[in-house]
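> Sending over a structure as structure tokens; questions will come in a sec.
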Amino acid sequence: MEGVDHLAHERNKTEFDVDAMKIVWAGSRHAFELSDRMARLVASDPAFRKDDRTRLGRKELFKNTLRKAAHAWKRILELRLTGPCVITEEEAGQLRNFVDEPSFTDLHWGMFVPAIKGQGTDEQQRKWLPLAYKMQIIGCYAQTELGHGSNVQGLETTATFDPETDEFVINSPTLTSSKWWPGGLGKISTHAIVYARLITSGQEHGVHGFIVQIRSLDDHMPLPGITIGDIGMKLGNGAYNTMDNGVLKFDHIRIPRNQMLMRVLQVTREGKCVQSNVPRQLIYGTMVFVRQTIVADASTALSRAVCIATRYSAVRRQFGSQDGGMETQVIDYKTQQSRLFPLLASAYAFRFVGEWLKWLYTDVTQRLQANDFSTLPEAHACTAGLKSLTTAATAVEQRISYDGNLPILSCALSYALGLDYFILDAIEECRKLCGGHGYLCASGLPELFAVYVPACTYEGDNVVLLLQVARFLMKTVSQLGSGKKPVGTTAYLGRVQDLLQCCCDVQRAEDWLKPSVVLEAFEARSARMCVACAQNLSKFEKPEDGFAELSADLVEAAVAHCQLIVVSKFIEKLQQDIPGKGVKQQLQNLCYIYALNLLHKYLGDFLSTGCITPKQASLANDQLRSMYSQIRPNAIALVDAFNYTDHYLGSVLGRSDGNVYPKLYEEAWKDPLNDSVVPDGYHEYVHPMLKQQLRNARL
Ligand SMILES: Cc1cc2nc3c(=O)[nH]c(=O)nc-3n(C[C@H](O)[C@H](O)[C@H](O)COP(=O)(O)OP(=O)(O)OC[C@H]3O[C@@H](n4cnc5c(N)ncnc54)[C@H](O)[C@@H]3O)c2cc1C
């Protein structure tokens, strides 16, 4: 039935002001209005239709993406959204975001332009940015090679300065030096920021960025000496296959000297390397920016999956019918709630930590401009860790303790028994929460999963990033004795003596509803895990040997630290003035669900470090169950607050009107297999089989 709200009975139960929550979720009224306007604009334009995407072959899919990218750019120009003003750039970004199709423009705006801004001199910016802003050139970011990704210093592409011609010669000396993966490179980009080993006067000077034209601006052919192509299909239908991730090989390509990005290091006409007066650390500011957007994207991807699973869980009924009455909505099963509501809480938690990271980026930028680098290592570690934590929790790798008899098992023992960990991934968990229908492309979840999972790898492999965080934590712990005060998110380590000794004083389940109690438990767990790692490291003669041997423990300590950051930023958010009837109460409930669920799932850490007792763990679990009951009547409204259009959500199961079954039925008939009643191939292969004539058939 069109026009009927099948979820109205759920929406009537809401105990808070949903419109006010929409503003909290968006970050401000301005941000809400902006994204609402752009989302509607895209949703109402048939050119941005995407419901057929998973049925298209690669070539058709790719061409369709090019059409949408061109149409989006046309709309942006028509709406006069482009220009130097920050707000309009934001609007254009939102419009592209709601088109919801990975394309070369993501890399152009998300990596090529920021790299020139962050690493180019003023003169280089004046030359290249206007061309990029008008899309007279299209750029990508070519760092990763076939042989090396995480280890940037291992890149093999060379940029050798030739003083006779005042040029750099860019070369790929081996097969493994071929650039491999850059998005937008395979078929579309005209230019690339290429990372290569700088060589002048026979000496190496590390890896630097160079602006290289790779295709003709007239006929789009690769320039002489350049081999270029797409690297092939990636996971899933539709999904990331709209992107032309590419391969690129150089055969002694020449570029002018002024195309090396020289904001920090300059190469003179004579081939001398000169450090500019711009501090090297400035480059890290760009990294903080990019990772902050990735954390924001994690909350978006997670909230989309949760919105679909929550709405469908309220529509779906199984079992429980008495006297011919209605069956039970699956959202009312406690098992469904204990799987779904922590993910709902995580979506909000990641949203707020992402918002805080935006502030951190502004703070770091201001400090860098004032030549204050004191908080940079901490900010860098913090963004690396949060990128890893939030993408992993959204896509893969959330570690879950086995909760059978864990309170009486030590962490090590449960490890030994192989009982304590299995893998949960949020988008995949949402698919399972939707039962069989979640596996249909029409649910939107398979494509969301396929598009999202590489976030665990790009912009820094998650494990490699966590090892960087661990290194920073170990350095911070080692400097405690020398009186150096830890800053920002590591400030709690300054109270390490107290945190090693403190005892949790929870006696009743409600005691877990005190922010100070929750914070102390997370701080104590993280501090104790860090100190234990530092003590174990000190037993090794060579620190590097210890670091290699203990790397798995170090990663766990880094995860504990990052979870503490998310919990503490959620708690800080609640200390702000939050208007709207009942809004703060709901956020408090979500905050406790997020924290207590982590405590429950990572019980091994909390118990083995002696931060809490088994009894207190059990009380936390009681409290958690009671929070699920409080969230239940508000669940639909809490996902409505994300304000996603049906177009953006792209899911029959997650439709805002809950009209799932007729639409799912309709959708099935759109499949190309249903174009004919008898399928192509029947006469050649199936008919002879049925008629026992396979021996004579030409297969
Ligand atoms: C969809 C997608 C888009 C991409 N887009 C771009 C792009 O636009 N431009 C670009 O330049 N690149 C791009 N990349 C490449 C991406 O940045 C790299 O794949 C990423 O940095 C990981 O590097 P890698 O592939 O070398 O992984 P590896 O480092 O080879 O990782 C393999 C395994 O080794 C482990 N490992 C590696 N080092 C260590 C260590 N020191 N200690 C412990 N474990 C370790 C990792 O955890 C992982 O499990 C993209 C990748 C993908 C998937």
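The values are calculated or read from the model by the stated rules, or taken from the named source; none is laboratory data. Keep in mind that what you see is a predicted model, and the values were worked out from it rather than measured. Please note: Cβ atoms are built from the backbone with ideal geometry, for glycine as well, and neighbour counts cover all protein chains shown.
> Within the stretch 13-28, how many residues are outside any helix (DSSP H, G or I), loosely packed, with under 15 Cβ neighbours inside 10 Å and acidic (D, E)?
Selection size over the stretch 13-28: 1.
> Just wondering, is there one or more residues in the stretch 326-335 that are modelled with pLDDT under 90 and in a loop (DSSP other than H, G, I, E, B)?
No.
> Just checking: which of the strands (runs of 3 or more DSSP E) contained wholly in the stretch 186-284 hold 1 or more residues that are free of Cβ contacts under 8 Å to residues at least 12 places away in the same chain and exposed (fewer than 12 other Cβ atoms within 10 Å of the Cβ)?
Ranges flagged: 203-213, 273-275.
> Might you check whether a residue that is crowded, with 18+ Cβ neighbours inside 10 Å, touching a residue at least 12 places away in the same chain (Cβ under 8 Å) and not in a helix (DSSP H, G or I) occurs anywhere in the stretch 29-50?
Yes, some residue in the stretch 29-50 is crowded, with 18+ Cβ neighbours inside 10 Å, touching a residue at least 12 places away in the same chain (Cβ under 8 Å) and not in a helix (DSSP H, G or I).
> Oh, and also: Hey, among the residues in the stretch 441-477 that are of a type in the set (D, E) and near the ligand (Cβ under 10 Å from one of its atoms), which one's modelled with the highest pLDDT?
Of everything passing the filter in the stretch 441-477, D461 is modelled with the highest pLDDT.
> Take the residues in the stretch 163-183 that are away from the ligand (no atom under 11 Å from the Cβ) and small (G, A, S); name whichever of them is farthest from N245 (Cα to Cα).
Checked the stretch 163-183; the qualifying residue farthest from N245 (Cα to Cα) is S172.
> OK, next. Name every residue in the stretch 582-640 that is part of a loop (DSSP other than H, G, I, E, B) and either buried (at least 24 other Cβ atoms within 10 Å of the Cβ) or of a type in the set (A, V, I, L, M, F, W, C) (or both), in order of residue number.
C611, I612
> Could you please find all residues in the stretch 126-144 being of a type outside the set (F, W, Y) and over 25 Å from F250 (Cβ atoms)?
Across the stretch 126-144, the qualifying residues are R126, P130, K134.
> Can you tell which of E164, E156, E145 is of a type in the set (D, E) and closer than 16 Å to T227 by Cα?
E145 is the lone residue from the list that is of a type in the set (D, E) and closer than 16 Å to T227 by Cα.
> Check off (1) more than 16 Å from the ligand (Cβ to nearest atom); (2) hydroxyl-bearing (S, T, Y); (3) surrounded by fewer than 18 Cβ atoms within 10 Å (Cβ to Cβ) for S150 and give me the number that stays unchecked.
If we test S150 against (1) more than 16 Å from the ligand (Cβ to nearest atom); (2) hydroxyl-bearing (S, T, Y); (3) surrounded by fewer than 18 Cβ atoms within 10 Å (Cβ to Cβ), just (1) comes out false.
> Tell me whether the stretch 214-222 contains one or more residues that are within 16 Å of the ligand (Cβ to nearest atom) and over 20 Å from S103 (Cα atoms).
No: the stretch 214-222 contains no residue that is within 16 Å of the ligand (Cβ to nearest atom) and over 20 Å from S103 (Cα atoms).
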